[in-house]
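The values are calculated or read from the model by the stated rules, or taken from the named source; none is laboratory data. Computed from a predicted structure; not experimentally measured. Here the Cβ positions follow ideal geometry from the backbone for every residue, glycine too, while neighbour counts run over all protein chains shown.
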Amino acid sequence: MQVSARRARGATAERSDTPLQFVVHGRRPALVGLAFTAFAGGIAEALFLVTVTRAAFAITDRKGRVGIVADRYLSVHQTLLLALGLVLLRVALAAWSSVQSANLTANVIADVRHRLSSAFLDSSWEIQQAQRAGSLQELLTTYSGQTSAIMQSLSLAVLASANLVALLGLSIAVDPVGALVLVLSVGILGALLRPLRAVVRRRGALVSAAGMEFATSLNEVSELGLELHVFHVQDQARRRVGTLIEEFRVKVARFQIAAGLATPIYVGLAYLALLGALAVVAESKVTSLTSLGAVMLVMLRSLSYGQALQGSYTSMAGSIPAIEVLQTQLQLFSDGKRHDGGVAVSEIGELRVENVSFSYVAGQEVLHDISFAVDPHEIVGIVGPSGGGKSTLVQLLLGLRDPQRGRILVGERDISELDKTEWARKVTFVPQTAHLIAGSIADNIRFLRDDVSHADVERAARLAHLHDDIMGFPEGYDRPVGEHGGHLSGGQQQRLCIARALVESPEMMILDEPTSALDVRSEHLVRTTLLGLKDRMTVIVIAHRLSTLDICDRIMVIQSGEMIGYDTPERLAATSDFFREALELSGLR
Ligand SMILES: Nc1ncnc2c1ncn2[C@@H]1O[C@H](COP(=O)(O)OP(=O)(O)OP(=O)(O)O)[C@@H](O)[C@H]1O
Ligand SMILES: [Mg+2]
């Protein structure tokens, strides 16, 4: 209870973070350090400007001494040396700021990538499966890249503000009236550009949405290589991609125009402000020529820092929509965190499904009130028309989704209470389509589980009747499988997936149509494998091919989300119309 309350508070805190807080995330001390360095640099620069103007006037007046503070004087040489020292200090501080800012930017982008990828990997299958293909890549590349853009702008804004404050302090000391004008003009300029920043932000949001659409559609096209050729629709695909590129271009251009307008507008206004300030300072009559020169220099510099400040503001406004998307996604992944019951799993033994119902969309049940039990070391086949709910049932048995009603029990424990890692070791899965990773055959059988030995890999390959095929390759287990398993046949890939599932000696293996894409010989090999496993583990196999089903002890018929039969093949042939019809169609009976 306490834990969930804390989690809820944490989640709310994350949700209520502003985009800037989200990006800064624990790096405030670094940012403050940067501000201090910049402030010190700004003071050094301002002092340099004043010293130089005072020295210039002293030189032209041939005074030989320069007034620095109150009634303290330095010789021209001493003043020039002081100015040189200030320049060196300024350069050192600026260089230090650049290094800090570069590190900050790189760290922030890596940080967001860590947070997002971890949250994604920790989220449930339900959440992951609902993501559009290619969207995670886009979030981790372009969108996360925007955090570095924000951080860069933020560092620039901090630098510019710190410098502005330093210059302002100085101009207050030199000429309070000039300083007032300076504050007013920078403030008014910022306010005048506010509506433009709102436009930039709106257009930034459109660019960000169009970018995601573009990336995911492109991902779809790149996955469709074979179908595009077979259906000869490359021209149509090109047109679709072309339209997306154009739509994206228009949005980017509109965004760039708004963002680009900010600088010329600012510069124009800044020069007007400068003229105004000159007029005010001239009218105030309290200013000596020396301090007037210094004020003008300081003002020019201030206005250019003001320009940097508003430039970074505008570019932040453009990047913020992408950050908001990152925040929403991160929240979605954290809210959908995979639940781990944590209870140790003893032996699996009997598996009992009690009154289970499940729906993907509220009110539309795809499984209704299913109950059955599977004995240890039994081979159970699941058959039924397409869309009946077989794969959904398997996802529930694997603990990938939770039923809305009913329970799935191992011993007396609901499987949702169990430790996920142990459960995944004891209950494995062979999907319908093989997903291979870049690497060797051994890497693919091991599948990221580093503690699996080569002996285990070979034992699993033998069980899956893949070992002889592998020994036929010159590189053996080191043979690279290439992208999308390019160097292995469909049957070999399927058997590799079986070996992958067997490598940690599970107690139960679930297969979703493992033979549907296989030739007769490969299918025969898979059947032999399953039969060979009979004494070692429980097997649940979805199969359309009824020839796979004659090795099953019991067969379950799932139709329109209902379990309409669960019996031995012989008895089912007598009682289930669907099963009898299917047997007749496949020519087996
Ligand atoms: N991720 C999902 N979101 C929403 N509905 C889904 C999802 N996956 C499946 N469905 C729906 O649930 C129902 C059952 O699908 P399921 O994949 O379990 O059927 P199946 O029996 O495995 O079919 P097949 O033999 O064709 O593989 C179908 O109506 C399907 O449209
Ligand atoms: Mg299915």
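Miscellaneous remarks
- Residue within region 426-444 that is of a type in the set (S, T, N, Q), in a helix (DSSP H, G or I), touching a strand residue (DSSP E or B) at 6+ places or on another chain (Cβ under 7 Å) and within 16 Å of ligand 1 (Cβ to nearest atom) present: no
- Scan of region 154-179 for residues that are of a type in the set (Ser, Thr, Tyr) and surrounded by fewer than 23 Cβ atoms within 10 Å (Cβ to Cβ), ordered by number: Ser161
- Scanning region 208-224 for residues that are surrounded by 20 or more Cβ atoms within 10 Å (Cβ to Cβ) and among the aliphatic types (A, V, I, L, M) yields a single hit, Ala215.
- Selected residue (only one of Asp450, Asp469, Asp456 is away from ligand 1 (no atom under 16 Å from the Cβ) and surrounded by fewer than 16 Cβ atoms within 10 Å (Cβ to Cβ)): Asp450
- Yes/no for Ile379 being at negative phi, in the same structural domain as Tyr271 (by TED's automatic domain parsing) and modelled with pLDDT under 95: no
- Arg301 vs. criteria modelled with pLDDT of 75 or more, among the basic types (Lys, Arg) and under 25 Å from Ala157 (Cβ atoms): yes
- Residue within region 58-76 that is under 51 Å from the mean Cα position of the chain (by Cα) and over 30 Å from Ser312 (Cβ atoms) present: no
- Cβ-Cβ distances below 8 Å connect the following pairs, each with a first residue in region 251-280 that is under 18 Å from Ala205 (Cβ atoms), a second residue that is of a type in the set (S, T, N, Q), and a separation of six or more residues or different chains: Ala259/Thr314; Ala259/Ser315; Ala262/Gln310; Ala262/Thr314.
- Every pair of residues 6+ apart whose Cβ atoms lie under 8 Å, when the first sits in region 532-544 and is more than 28 Å from Gln559 (Cβ to Cβ) and in the same structural domain as Phe579 (by TED's automatic domain parsing) while the second is assigned to a loop (DSSP other than H, G, I, E, B) and away from ligand 1 (no atom under 16 Å from the Cβ): Asp535/His377; Arg536/His377; Arg536/Ser505
- Test: residue in region 95-111 that is farther than 26 Å from Ser153 by Cα and either within 47 Å of the chain's Cα centre (by Cα) or of a type outside the set (Lys, Arg) (or both): no
- Filter pass, Val481 being surrounded by 23 or more Cβ atoms within 10 Å (Cβ to Cβ) and touching a strand residue (DSSP E or B) at 6+ places or on another chain (Cβ under 9 Å): no
- Restricting region 401-440 to residues that are over 19 Å from Ala373 (Cα atoms) and of a type in the set (A, V, I, L, M), the residue that is surrounded by the fewest Cβ atoms within 10 Å (Cβ to Cβ): Ala438
- Among the residues of region 366-382, those that are under 38 Å from the mean Cα position of the chain (by Cα) and within 16 Å of ligand 2 (Cβ to nearest atom) comprise Val366, Leu367, Ile370, Ile382.
- Set side by side, the residues Leu436, Leu400 differ, and just one is outside the structural domain of Leu121 (by TED's automatic domain parsing), over 25 Å from Asp567 (Cβ atoms) and within 14 Å of ligand 2 (Cβ to nearest atom), which is Leu400.
- Selection count where residues are in contact (Cβ under 8 Å) with a residue 60 or more places away in the chain and of a type in the set (Gly, Ala, Ser), scope region 79-118: 2
- Complete set of residues in region 384-397 that are within 11 Å of ligand 2 (Cβ to nearest atom) and either in contact with a Lys or Arg (Cβ under 9 Å, 6 or more places away or on another chain) or at negative phi (or both): Gly384, Pro385, Ser386, Gly388, Lys390, Ser391, Thr392, Leu393, Val394, Gln395
- In the set Ser97, Ser144, Ser148, only one residue is farther than 30 Å from Ser217 by Cα and crowded, with 19+ Cβ neighbours inside 10 Å; that residue is Ser97.
- Residue match in region 480-499 (condition: closer than 28 Å to Ser357 by Cβ and within 16 Å of ligand 2 (Cβ to nearest atom)): no
- Restricting the search to strands (runs of 3 or more DSSP E) fully inside region 326-408 and requiring at least 2 residues that are within 13 Å of ligand 1 (Cβ to nearest atom) and free of Cβ contacts under 8 Å to residues at least 60 places away in the same chain gives 351-361.
- Members of region 417-434 that are farther than 22 Å from Ser505 by Cβ and either modelled with pLDDT of 95 or more or out of contact with any Pro (no Cβ under 9 Å at 6 or more places or on another chain) (or both): Glu417, Thr433
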